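Colleague: There's a structure below that I have some questions on.
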Amino acid sequence: MAEESKKQAIEQHKKEVAAAKAALMGGAEGAAGEGKAERVPPREHPLLPALAVVKTPYFHVLGYSVAGEESVIQIPELNINFDIGKCPRPALTADFCLLSHGHIDHSAGIPYYLSQRFFQGMQPGTILCPAKIAKPLSDIIHAWAGLEGKVTEHKIVPMNVGDEFELRKGLIARAFATRHTVPSIGFLIIDRREKLRADLLEQNLPGHILRKMKDAGEKITYTLDVPMVAYTGDTSMAETLLQPGVSEAKVLITECTFFERDHRRRATVGQHLHVNDLMEALPKLKNELILLSHVSRRTGIRAAKKIFAEATARLGKGAPKVEFLMDYAQRLMVKPGRAAPFAIAEQAMPEGAD
Ligand SMILES: [Zn+2]
Ligand SMILES: [Zn+2]
């Protein structure tokens, strides 16, 4: 009898595997018959691991971020990656990697990023990083030459707190202070515009007069800085979020690694934010959207969301909009013969203990 039910279970399992395979290989029509499914060419290839895709009014935020595993966050419109723990294909297309610190889950993608861009005929990648790790970063890139036979062309830009780097005309990356177990910085991306002085604007002066004033050496414009996005990387202090520009950036991407009450100590030791730290800062933040990244697998996103909802309920109304980056995870797929990946299906972040 037991033997019989075991046989049935195996048969059932075989059927389920065949159906799943047929669905994967050929979609609805492929599922019609096992034999047919084998001959139907695949309609889509799973090309990439699950990546979050968040659409904001200003740009897209693409990424994957799980504490200790991998953090890579791309903003395609701004031509940047914040950290590059591994190098998913879309990350190759950004000319700049803004490295918050050297922990392997944030930096291991660099040699691949540089080498693969060279291989694909793209311009050399540029890495902005905390000044204190510029040398070890350069050393490791050079060490790869022993394996690859040459040093991949690249540019390293050492950054101290307050330093600015022009990514393109009018788009600035500024380093701000963070506190972690290794040298670290955050990055604020600023849209810098030259605007006509308000008193001149009021007078509605014609262009040739303004030009004359300018040629005569008069300063007819003023500089307007619009903080677009701030990225903290790993950090342990709520004050990180309250710095000028960071608390007003349209989008703030911050870590929030720990949520459970008895993970407080882990947060202190690893110098990460606990949800209680975030709650301290949250009422003072003016961001339009806050994206939480770097959630520990120990808690997982569903449980973290629940704890977060309970904590914010106590804060009352008026707090900024907060979303979990990996809540937007999708599995990107590509059709055979197509270069650009596109999203077809939602895929929740895998959960489990780390
Ligand atoms: Zn990390
Ligand atoms: Zn770290």
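Colleague: Going through the cross-link list Lys169/Lys212; Lys86/Lys155; Lys169/Lys250; Lys86/Lys250; Lys55/Lys284, which pairs have a Cα-Cα distance over 22 Å in this structure? Kindly include the intermediate steps, with their values, before the conclusion.
Modeller: Numbers: Lys169/Lys212 25 Å; Lys86/Lys155 19 Å; Lys169/Lys250 20 Å; Lys86/Lys250 27 Å; Lys55/Lys284 24 Å.
Too far apart for the 22 Å limit: Lys169/Lys212; Lys86/Lys250; Lys55/Lys284.
Colleague: Something else now. Residue-wise, which Karplus ³J(HN,Hα) couplings in Hz belong to region 258-270, taking 6.51 cos²θ - 1.76 cosθ + 1.60, θ = phi - 60°, and x for glycine or proline?
Modeller: Working through the residues one at a time gives 10, 10, 6, 4, 7, 9, 3, 5, 4, 5, 5, 5, x Hz.
Colleague: Additional query: Taking neighbour counts of Cβ atoms within 10 Å as a proxy for exposure, in what order, fewest first, do Met237, Met122, Met326, Met228 appear?
Modeller: Lowest count first: Met122, Met237, Met228, Met326.
Colleague: Sum up the charges of everything whose Cβ sits under 10 Å from the Cβ of Val182, counting Lys and Arg as +1 and Asp and Glu as -1, but leave Val182 out. Don't skip to the answer; put the middle values down first.
Modeller: Working: positive: Lys132; negative: Asp234.
Local net charge: 0.
Colleague: Among 106-117, 262-273, how do they line up by average Cβ neighbours within 10 Å per residue, starting with the highest?
Modeller: Numbers: 106-117: 21.6, 262-273: 15.9.
Order by mean packing, descending: 106-117, 262-273.
Colleague: Continuing with the same structure: Using the count of nearby Cβ atoms within 10 Å as a rough guide to exposure, how do Ile75, Ile190 rank from fewest to most?
Modeller: On the way: Ile75 25, Ile190 22.
The order, fewest Cβ neighbours first, is Ile190, Ile75.
Colleague: Let me know the Rg and Dmax you get for region 171-323 when you use only its Cα atoms, in Å.
Modeller: Here Rg and the maximum Cα pair distance are 20.6, 68 Å.
Colleague: Now for a separate question. Taking the number of other C-beta atoms within 10 Å as the exposure measure, put Tyr328, Tyr222 in order starting with the fewest. Mind showing how you got there, number by number?
Modeller: Values: Tyr328 19, Tyr222 11.
The most exposed by this proxy come first: Tyr222, Tyr328.
Colleague: Determine the shape class of region 70-194: with a ≥ b ≥ c the square roots of the Cα gyration tensor eigenvalues, call it rounded for a/c under 1.5, and otherwise prolate if a/b is greater than b/c, oblate otherwise.
Modeller: Values: a/c = 1.72, a/b = 1.27, b/c = 1.35.
Here region 70-194 falls in the oblate category.
Colleague: For region 187-273, which semi-axes, largest first and in whole Å, follow from the square roots of 5 times the eigenvalues of its Cα gyration tensor? Let's see the in-between values first.
Modeller: Numbers: eigenvalues 434, 20, 14 Å².
After scaling each eigenvalue by five and taking roots: 47, 10, 8 Å.
No value in this document is a laboratory result; all are computed from the given coordinates. For clarity, every value in this text was computed on a predicted model and none was experimentally measured. Every residue, glycine among them, receives a Cβ derived from its backbone with ideal geometry; neighbour counts consider all protein chains shown.
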